[in-house]
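Here the structure is laid out as structure tokens; the discussion comes afterwards.
The values are calculated or read from the model by the stated rules, or taken from the named source; none is laboratory data. Bear in mind the structure is a predicted one, so any value in this text is a computation, not a measurement. So basically every Cβ, Gly included, is an ideal-geometry build from the backbone, and we count neighbours across all protein chains shown.
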Amino acid sequence: MTLKNKNLVTNYSSAKFSWLKSGGNISHLYKVHNQVELNKLFSQNCINAKSFLVIGNLSNTLIKDDGFNGIGIKLLGDFTDVKINSDHMLVGAAVLDNYFSKFCYQKSIAGYEFLYTIPGSIGGNIFMNAGCYNQEIKDKLISVIYYDINHNKIFEKNINDLNFDYRKGFQKNNSIILYGKFKISYKDQDHIKSLMQEYDIIRKETQPQKVNCCGSIFKNPKNQSAWKLIKSSIDESFYDGPVKLSKTHSNFFENDPNISANSISSFISKIQKRVKEKHNILLEKELIIID
Ligand SMILES: Cc1cc2nc3c(=O)[nH]c(=O)nc-3n(C[C@H](O)[C@H](O)[C@H](O)COP(=O)(O)OP(=O)(O)OC[C@H]3O[C@@H](n4cnc5c(N)ncnc54)[C@H](O)[C@@H]3O)c2cc1C
């Protein structure tokens, strides 16, 4: 039995759906709603690590202009559910952060207020070990449930057996994150709401709003702030043009819609070069760039 054509989108435009409003096409994107469809997809296609790409909410991904010529996978359906059990929550990889944070508030579940302000999905969060305001997804995770394409099987790994680090989460080759099992602790709704509001205010005060961007471009080097290193290395010309640094936050850029992905990538390299020349530090990209 093969996966139906309705699951397939050809020439899926990442520019249309990404936060950057820029990026090449994915030649074949499969929308996968449940584990049965996942099994069908992998049994009918010969897929290896280089030929598949899972996308979440495309808030941290830039696909170069030539596009991705392989199998793209977008999880939907069952993977958008949150189930509350006695000692954990089972959260689908396609659940959006903002939705999940509000869901937790409604159920008086504390600890997920920081996700209110991150525009990704749970799968993307687990991949990146996303975080802000001194909290990271790894602090909340119990285990990751993933599909291993080599074995055509689903596995579960406890967080204690995974080496999550700053902006480095579950980046296992040949794997698709399906669910995260998350901790539960209950608190007063007013407390949860006030934290969500506090984080929202900080975000609005310190980061550009309503612009095309990917959040932080670079990871902070140990004991250093990427934005300070950038600010002290560049000249005014970096704050001007179709892709430019944000005046509110120098580790953010803002770009015109539909600007070429390659020009964004070159802009990033130019910043890296300036920082290297000035401080002898090579900034590591937080943004995932797909060649
Ligand atoms: C305005 C703005 C603010 C931001 N603020 C923050 C912040 O405060 N903290 C922070 O950490 N990040 C921040 N980000 C970056 C981004 O939101 C996070 O990295 C988020 O975790 C990405 O989730 P996503 O679903 O959009 O992932 P995508 O961009 O779609 O994918 C990111 C990576 O994860 C992989 N991936 C996604 N889903 C799966 C899956 N199910 N299985 C396997 N691999 C998968 C993709 O292949 C890709 O390599 C910000 C971005 C923006 C635009």
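Structural remarks
- Condition met for TYR146 (within 11 Å of the ligand (Cβ to nearest atom) and crowded, with 23+ Cβ neighbours inside 10 Å): yes
- Every residue from the range 266-279 that is farther than 16 Å from LYS228 by Cα and either surrounded by 19 or more Cβ atoms within 10 Å (Cβ to Cβ) or modelled with pLDDT under 95 (or both): PHE267
- Some residue of the range 205-228 being in a helix (DSSP H, G or I), modelled with pLDDT of 95 or more, farther than 27 Å from ILE84 by Cα and away from the ligand (no atom under 16 Å from the Cβ): yes
- When SER237 is tested against (1) free of Cβ contacts under 8 Å to residues at least 60 places away in the same chain; (2) farther than 23 Å from PRO257 by Cβ, exactly one condition is not met: (2).
- Selection status of PHE170, assigned to a loop (DSSP other than H, G, I, E, B) and either closer than 21 Å to LEU41 by Cβ or within 13 Å of the ligand (Cβ to nearest atom) (or both): yes
- Scan of the range 65-83 for residues that are crowded, with 17+ Cβ neighbours inside 10 Å and among the basic types (Lys, Arg), ordered by number: LYS74
- The set of residues in the range 149-161 that are modelled with pLDDT of 95 or more and surrounded by 18 or more Cβ atoms within 10 Å (Cβ to Cβ) contains only ILE159.
- Conditions (1) within 10 Å of the ligand (Cβ to nearest atom); (2) part of a helix (DSSP H, G or I); (3) surrounded by 24 or more Cβ atoms within 10 Å (Cβ to Cβ): number failed by CYS104: (1)
- Selection count where residues are in a loop (DSSP other than H, G, I, E, B) and closer than 18 Å to LEU20 by Cα, scope the range 229-244: 3
- The strands (runs of 3 or more DSSP E) falling completely within the range 30-97 that include 3 or more residues that are within 11 Å of the ligand (Cβ to nearest atom) map to 52-55, 61-63, 68-75.
- In summary, ILE71 fulfils each of the numbered conditions (1) at pLDDT below 95; (2) assigned by TED's automatic domain parsing to the domain that holds SER185 with the single exception of condition (2).
- ILE118 fulfils the conditions (1) without any contact (Cβ under 8 Å) to a residue 12 or more places away in the chain; (2) within 8 Å of the ligand (Cβ to nearest atom) except for a single criterion, (1).
- Count of residues meeting criterion [touching a helix residue (DSSP H, G or I) at 6+ places or on another chain (Cβ under 9 Å) and farther than 16 Å from TRP19 by Cβ] in the range 205-224: 5
- Annotation note: Cβ proximity below 9 Å between a residue of the range 57-69 that is closer than 18 Å to ASN125 by Cα and a residue that is more than 6 Å from the ligand (Cβ to nearest atom) and assigned to a strand (DSSP E or B) (sequence gap 6+ or interchain) occurs for ASN57/LEU96; THR61/ILE289; THR61/ILE290; LEU62/ILE289; LEU62/ILE290.
- Whichever residue in the range 172-203 is basic (Lys, Arg) and more than 20 Å from the chain's Cα centre (by Cα) and, among such residues, is nearest to VAL54 (Cα to Cα): LYS183
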